[in-house]
Amino acid sequence: MGTSQTVEVTGHLMDSGILSRILDDIRDYGGDYVIDRFDVGHEAHDQSRARITVQAEDEAALQRLLMRLQTRGVNQVDPGEAATDVAERDGVLPDGFYSTTNLDTSVRLDGRWYEVENPEMDCGLVVLGAADGTTRVRTVPMTDVEAGMRIVVGASGIRVTVPERGAGDATPSDDDVFGDKPQAVLVRQVADGMRQARDAGRELLWVAGPGVVHTGAAPAFVALVRAGFVDTLFAGNALATHDIESAIYGTSLGVDLTMSQGLEHGHEHHVRALNTVRRAGSIAGAVADGTITSGIMHALVTHEKRFVLVGSVRDDAPLPDVHTDVVEGQRAMRAEIRDVGYCLMVATQLHAVATSNILPASVPLVCVDINPVTVTKLADRGGSQGRGIVTDRKSTRLSSSHTDISRMPSSA
């Protein structure tokens, strides 16, 4: 092997399986390794520490491998100084740019460590200088790169930190994770996390799909808004449209929610609801003129809570508040996550994946979905390391999950 670097990792390396995945990554990237030292924790709560010499055929391959390993919380023993290069074109990062993780990240420049603002996965790192001589480092999405930006390249001078488990969090091998628990206990755990975030002055972010309306759960969501457990909602055109349709016509996709049956001409209701709001100019306008008097969107507007609606090619109309440019939609979502302390994702796959991609790993996630594919997709996309539980909707049997994403049944 042509070049090598010594790295180290600390954590519950054995029971979480993280060490095995690290070694698999090294081999998958065409590298090799020597475990120089491995200190195993004696007690269940003790962390283990491993020091590994990683080898690759050339410097470029080694840098790519080191970046991959940092997604596991692996750092170089001697990180050195970060290197930078200048972006030559708008929307294009320099070759060899450092591809970010969603972990808390620090960058070493001129002998000093700088905390990265807004940790987000799959971005670059831009170094910014102010007129007063101060330096800042923040993540920059590829779409927002501007020619002349100073971008970090390579993995040198980078350090990541994996969020510590709270006192009540269980490791994947703990008995209470594998034991049977009634759904009421699972719900209580999520409620406790929401309260803790709110008490700490952090905000609660909800990411929801139209299933919330179709299943008749909108009144419960409205109650959460009124109780102060919703600060921001991320959704698509569908949730807002069907919620407004329900408020105006009492139907969702033409189905009477009280009788669970379709109404004659009910299929027209959602487009008529859309047309009504478009005439008012906005959802807030339709609330102000008395057109919308109930429902989720009404509660958000009247309680001055924020929402970001991002559309898709499938949308009718859409509503005037919906971002039809997905890049602008991403920017609007990023602008709302700075103070988020807890995130709940309910009955939506695409918006859940999009949100997990921009959230820091330090934000706990709970994904509520009847479809286990949603959780798998979040894992495959490298979603944040949420804390909590994974359960099947047909039973209360709990199992560990490689996803690191909390999940509860939609029936809860």
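A short reminder: the numbers here are calculations on the coordinates, not readings from a lab. Because the structure is predicted, anything quoted here is derived from the model rather than measured. Positions of Cβ are generated from backbone atoms using ideal geometry, with glycine treated the same way; all protein chains shown enter the neighbour counts.
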- prompt: For the pair residue 263 and residue 58, how long in nm is the line joining their label points, each one 7 Å along Cα→Cβ?
  reply: 6.8
task: Could you state the orientation-averaged shadow area of the convex hull built on the Cα atoms of segment 216-333, in nm² to one decimal?
output: 7.1
- line: Length gained if residue 95 through residue 51 is fully extended, taking 0.36 nm per residue and subtracting the Cα-Cα distance, is 12.9 nm
- line: Percent of all Cα-Cα pairs per 10 Å bin for segment 1-90, counting from 0 up to the last occupied bin, reads 16, 46, 25, 10, 2, 0
- prompt: Residue-wise, which Karplus ³J(HN,Hα) couplings in Hz belong to segment 39-44, taking 6.51 cos²θ - 1.76 cosθ + 1.60, θ = phi - 60°, and x for glycine or proline?
  reply: 9, 8, x, 7, 9, 4
statement: Residue-ordered couplings for segment 74-81, obtained by feeding phi - 60° into the Karplus form 6.51 cos²θ - 1.76 cosθ + 1.60 and rounding to whole Hz (Gly and Pro as x), are 8, 10, 6, 5, 10, x, x, 10
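Run the dipole for segment 236-314 about the Cα centre, Lys and Arg Cβ at +1, Asp and Glu Cβ at -1, nothing else charged, and hand back the magnitude in debye, nearest 20.
Its charge dipole is roughly 300 debye.
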task: Quick one: plug the Kirkwood hydrodynamic radius of segment 288-334 (C-alpha pairs) into Stokes-Einstein at 10 °C, 1.306 mPa s, and report D in µm²/s.
output: 132
